[in-house]
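Data first, discussion second: the structure below is written as structure tokens.
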Amino acid sequence: MKILLVDDSGTMRAIQKRCLFSLGTTADDVVEAANGQIALDHFDREEFDIVLTDCNMPVMDGMTLAQEIRTRNKSIPVIMITTESESSQVKRAIEIGVSDYLIKPFTPDALNTKLRKWVPAFA
């Protein structure tokens, strides 16, 4: 399994990686990016099974990243991970093609549920 993990906070990426590792992934399974532009560069060079992205980031935010990914790949699961739970934000994310939404803070169980839902190899 290959996961693209996108968040401008190194601390949040570390927390999310710990959650992923507790669910059985390894360091080889996770590619990190500090913003959407770096993530898109990785996305254009590598194949991923799922993208986990923060919403609010500098350079390129998660919404723009999701839109760019959808122009390249219509089927890869993109899960938006954010502190924003406002219904207009969720609606916009779904309209641009985000597969699912996870509100920070979250538990490893919540992340596991999302991964199992969207990545058959994780089930």
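Readers should treat all values here as calculations from the given coordinates under stated rules, not as data from a laboratory. No experiment lies behind these values; they were computed from the predicted model shown. Cβ coordinates were reconstructed from backbone atoms using ideal geometry, including for glycine residues, and neighbour counts include every protein chain displayed.
Under 25 Å of direct C-alpha separation, and excluding same-chain neighbours fewer than eight residues apart, LYS74 reaches these lysines: LYS2, LYS91, LYS114, LYS117. For n ≥ 4 DSSP H runs only, could you compute -39500 (n - 2.57) per run for the chain, divide by its residues and tell me the 222 nm figure to the nearest 500? Helices in the chain give a 222 nm mean residue ellipticity of -13000 deg cm²/dmol.
With R₀ set to 30 Å, the beta-carbon distance separating SER9 from SER75 gives a calculated FRET efficiency near 0.60. For the range 79-123, the list of GluC sites (Glu not before Pro) that fall in a loop by DSSP and count at most 11 other C-beta atoms within 10 angstrom reads GLU86. Size estimate for the chain follows the Kirkwood approach: the inverse of mean 1/r over distinct Cα pairs works out to 14.1 Å.
I'd like the trypsin sites (Lys or Arg not before Pro) in the range 1-108 restricted to DSSP loop residues with at most 12 other Cβ atoms within 10 Å, sorted by number.
Sparse-neighbourhood loop trypsin sites (Lys or Arg not before Pro): LYS74.
Summarising the amide proton neighbourhood of LEU102: residues at separation of 5 or more, or on other chains, whose placed amide H is nearer than 5 Å comprise MET80, ILE81, THR82.
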